[in-house]
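Values quoted throughout were computed directly from the atomic coordinates according to the rules given, and no laboratory measurement underlies them. Not measured: the values here are computed from a predicted model. Reconstructed Cβ throughout: ideal geometry from the backbone, glycine too, with neighbour counts over all protein chains shown.
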Amino acid sequence: MSDQKKSSPIYVTQPYMPALEDFIPYLQQIWDNKILTNGGPLHQQLEQALCDYLGVKHISLFANGTLALITALQALRITGEVITTPYSFVATAHSLLWNGIKPVFVDIDPVTFNLDPEKLEAAITPQTTAILPVHCYGHPCDVDRIQKIADNYGLKVIYDAAHAFGVRTEDDSLLNHGDLSVLSFHATKVFNTFEGGAIVSPTAKAKKHIDHLKNFGFVDETTVVAPGINGKMSEFNAAFGLLQLKSIDNALQRRGAIDARYRARLAGIDGIHCLPGGNQKVANFAYFPILAQERYSLSRDALFQKLHEHDIHTRRYFYPLITDFPMYRGMPSAAHSNLPVARKIASQVICLPIYPALADDQVDRIIDVIASNAGK
Ligand SMILES: *Cc1c(COP(=O)(O)O)cnc(C)c1O
């Protein structure tokens, strides 16, 4: 019998790597051009290619998603208070603190784990200027309800769409909602440029302003119009993105097959809940979150540990909640009583491994551990 511990470790994700030889021509181009950054030819090509692939009008590439978030808030001159979710990666709220903005946390919806529009209005004060929701796990927020509330109160909406690469609702990109959407191309994301990010803008004017902000505020050689930052993506990262884009459809397809395999076999396990797929027309299967509920024989942390013993390294996204970190936990909106749903989900969630190179027998190995500990 092959001992499961002797088989290779499985991690929650693994970047999709194109063949190294396919990257060499791009490097050759960089070496020939001797243009390494500052909006070079590959940067321009990737912006156009992403607009075409994603179905968006304007995109500004960044060195990473966090700088893109910080710059998006600057671009819209957001101040005062911003309503956001505690159930996300910490960069969502950190981008507010870096702008001197006070985050106001609102609880999440128990079905989608996205910001609950039902609870949004009660958190609005005269200081509120914007809403910063997250399309958690790539599942669309209730964009229509959020927009309606934003319009009623004159608020801006910036989507942290770090998980939402390629997601479409009906015939449109999810990224076309709100005033701006922010992507991350970090190594752990569905589409990566090693490190990278982007802002999706609805107008050429907004893009132009953002492009100034990410380049120190320069509009020409001698004119600086804003205290901008250095947020530029390099040619090296843009090249990797162009190459990665060629295989993205295959990667998403394989993720979809893994998602279906998990769902089919986990459905029969008492106390294991799979997050419903969401209402998107095109999904990206960025994550595979499950809940270990009360009926399951192990606590979430015990299951996490059990999987670990089998060399399966999952992640508890998103535990702890952002509101548990020291720079947030004293805030009134971070109180436990304000966030009962987020608190419960964070105590039960585990994200199972999902990435294109994950083989069916590895998926089965993961499911077997979960199944073999059920019903005791
Ligand atoms: C990854 C991520 C970010 C940050 O993106 P980086 O490119 O790593 O800076 C922000 N928000 C969410 C929800 C993320 O998952």
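Structure above, values below:
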item	result
Charge dipole (debye, nearest 20) of region 6-87; +1 at Cβ of Lys and Arg, -1 at Cβ of Asp and Glu	220 debye
Inter-probe distance in nm under a simple model that places probes 7 Å from Cα toward Cβ, at S247 and T223	4.5 nm
Charge dipole (the chain, unit charges on Cβ, about Cα centre) - positive-most of H58, P202, A187	A187
Neighbour count of at most 16 Cβ within 10 Å plus DSSP loop: longest GluC sites (Glu not before Pro)-free window in the chain	1-169
Within a Gaussian network of the chain (alpha carbon springs, distance under 10 Å), most fluctuating of A283, A357, A93	A357
Label-to-label distance, nm, for residues given as R329 and K281 (7 Å Cα→Cβ offset)	4.5 nm
Per-residue Cβ neighbour rank within 10 angstrom, fewest leading, C136, C351	C351, C136
Kirkwood-type radius of region 135-248, with distances r between different C-alpha atoms, in Å	15.6 Å
Qualifying trypsin sites (Lys or Arg not before Pro) in region 12-108, DSSP loop, other Cβ atoms within 10 Å at most 13	K34, R77
Taking only Cα atoms of region 303-345, radius of gyration then Dmax in Å	13.7, 41
Charge dipole magnitude, Cβ of K and R +1, D and E -1 - region 248-372, Cα centre, debye nearest 20	380 debye
Lys/Arg +1, Asp/Glu -1 at C-beta; region 20-246 dipole; positive extreme among T169, P41, F23	P41
Options N338, Y319, L303, ranked by Cα towards positive dipole end of region 248-372, top entry (Cβ charges)	N338
Debye intensity ratio in log₁₀ form over the Cα atoms of region 47-188, taken at each q of 0.15 Å⁻¹	-0.68
Largest-first ellipsoid semi-axes for the chain, taking √(5λ) over the Cα gyration tensor eigenvalues, angstrom	34, 28, 17
Distance (nanometres) between label positions extended 7 Å along Cα→Cβ at D270 and V111	2.7 nm
F194/S8 FRET efficiency (R0 22 Å; Cβ-Cβ; nearest 0.05)	0.40
Longest to shortest principal axis, alpha-carbon extents of region 248-372, angstrom	46, 34, 24
Cα-based equivalent ellipsoid, region 120-171: semi-axes from gyration tensor eigenvalues, Å	23, 12, 8
Nearest-0.05 FRET efficiency for A122 and A19, computed from C-beta distance (R0 51 Å)	0.45
Efficiency of FRET from Cβ geometry, A357 and F216, R₀ 35 Å, rounded to 0.05	0.30
Among F236, F62, F113, residue whose mean-square fluctuation peaks in a GNM of the chain (springs only between Cα atoms under 10 Å)	F236
Cα-derived Rg over Rh, computed across region 41-82 with Rh taken as Kirkwood radius	1.08
Charge dipole (debye, nearest 20) of the chain; +1 at Cβ of Lys and Arg, -1 at Cβ of Asp and Glu	520 debye
P(r) histogram, all alpha-carbon pairs of region 85-138 included - 5 Å bins from 0, percent	4, 19, 30, 24, 16, 5, 1
Mean residue ellipticity (222 nm) of the chain, computed from DSSP H runs ≥ 4 via -39,500 (n - 2.57), nearest 500	-10500 deg cm²/dmol
